[in-house]
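In what follows, a structure is listed as structure tokens, so that the remarks can point back to it.
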Amino acid sequence: MTIRSLLLATPAFAAFMAFATPASAQGSLNMLCAPAADWCEAIAAAFQKETGIRVSMARKSAGEILAQIRAEAQNPRTDIWFGASAETHISAAESNLLQPYTSPNMEKLHPWSKRVHEMAKGHCVGVSSGAIGIAWNRELLARKNLPVPTSWADLLKPVYRGEIQLPNPNSSGTAYTIIAGLVQLWDEDRAFDYLKQLHANVNAYPRSGAAPMQAVARGETGLAVSFNMEVASAAQAGFPIEISYPAEGTSYEVACMSIVRGARNATQARRFYDWYLTPAAMDIGPAVNQWHVPAHTEAKPDPRIPDLASIKLVDYDFAAYGQSTRRRQILERWDREVGALPR
């Protein structure tokens, strides 16, 4: 028996060959993905299995993805960008980094998904949504006899000194959504006055939007400002983490998907785009403990998916806060007035 015959007789190798061969025939897809790694890996694997298109996926935060796409503008290596807030995609589209596409599968998407597509002039589409809340570790707060915060004002209290983590807006789309939401809730000067006061209670500004919530889940810090779907995932995994929503109102995101201008595998990118805008693809998230509100109206309902209708949300202007100049202005002001403060 030849070496090849011996290999083909091995079940694992035979399965690999059966899977790998059609992928080679169908081409490949390079994807940058912003949500949790488990979700990114699951959708990449499911698409590859269903279509035979080989997927090369890298998980990065929103700011890192935007920076990479900007750096690759003259020679794009990325085909599809999945996840991250609409503002980030709109900023990229404004810089001519994305190509417009309208999928035939958009008819049964929620209005907020279609609205973002219109705002972005077809350069992205909403795939999921979630709201910003205050995450807290119930065991840690009980042990330290700390009250549960229910408002933005509560977070300024001296009892929370050194107990709060916020992500860094230079790399985290979550952080930008938080800050832009506060600006729209109040006004820019008041929002930055608030962030400067809050700085006294902040122990770290990690680069990832999920990192503060993860620190709360592990009991490394008492509080964080995070998206509710991230907190739901940690709670379902058994961590003692809960969430409350600021009484004054809070921001939310519409996470998007877009195709990079000049993509080498544009046909495969459009196929992924169409594939994800189906109920079956959107049902993958909950299957891997990701509880984002899906964009498709016929995705499976689940009580663990947060109910946005029960949360007081700001009237978030994705188009205005996705503009590159506005985004740069906010980030520069944060660096100058908050990030530069002594610790």
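Which of the residues that make up segment 46-81 are part of a helix (DSSP H, G or I), open to solvent by less than 80 Å² (accessible area, probe 1.4 Å) and within 26 Å of TYR176 (Cβ to Cβ)? Residues satisfying the conditions are ALA62, GLY63, GLU64, ILE65, LEU66, ALA67, GLN68, ILE69. Before we move on, is GLY122 of a type outside the set (Asp, Glu) and surrounded by 24 or more Cβ atoms within 10 Å (Cβ to Cβ)? The answer is no for GLY122. Whether any residue in segment 329-336 is over 15 Å from ALA131 (Cβ atoms) and of a type in the set (Val, Ile, Thr) is what I want to check. Yes, because at least one residue in segment 329-336 is over 15 Å from ALA131 (Cβ atoms) and of a type in the set (Val, Ile, Thr). Taking the listed residues LYS108, LYS144, LYS114, the one that is among the basic types (Lys, Arg), surrounded by 14 or more Cβ atoms within 10 Å (Cβ to Cβ) and more than 29 Å from THR325 (Cβ to Cβ) is LYS108, with no other qualifying.
For VAL338, state whether it is farther than 30 Å from ARG271 by Cβ, touching a strand residue (DSSP E or B) at 6+ places or on another chain (Cβ under 8 Å) and not charged (D, E, K, R). Here the answer is no, as VAL338 does not meet what is asked. Looking across segment 290-319, the residues that are in a loop (DSSP other than H, G, I, E, B), surrounded by fewer than 17 Cβ atoms within 10 Å (Cβ to Cβ) and free of Cβ contacts under 8 Å to residues at least 60 places away in the same chain come down to LYS300, PRO301, ASP302, PRO303, ASP307. Examine segment 321-339 for a residue that is without any contact (Cβ under 8 Å) to a residue 60 or more places away in the chain and not in a helix (DSSP H, G or I), and state whether such a residue exists. No, segment 321-339 contains no residue that is without any contact (Cβ under 8 Å) to a residue 60 or more places away in the chain and not in a helix (DSSP H, G or I).
The values are calculated or read from the model by the stated rules, or taken from the named source; none is laboratory data. Values in this document were obtained by computation on a predicted structure and should not be read as measured data. When we count neighbours, we look across all protein chains shown, and the Cβ atoms used for this are built from the backbone with ideal geometry, even at glycine. Each accessible area value is taken on the protein alone, full model and side chains, heavy atoms only, with ligands, DNA and RNA left out. Shrake-Rupley method; radii C 1.70, N 1.55, O 1.52, S 1.80 Å.
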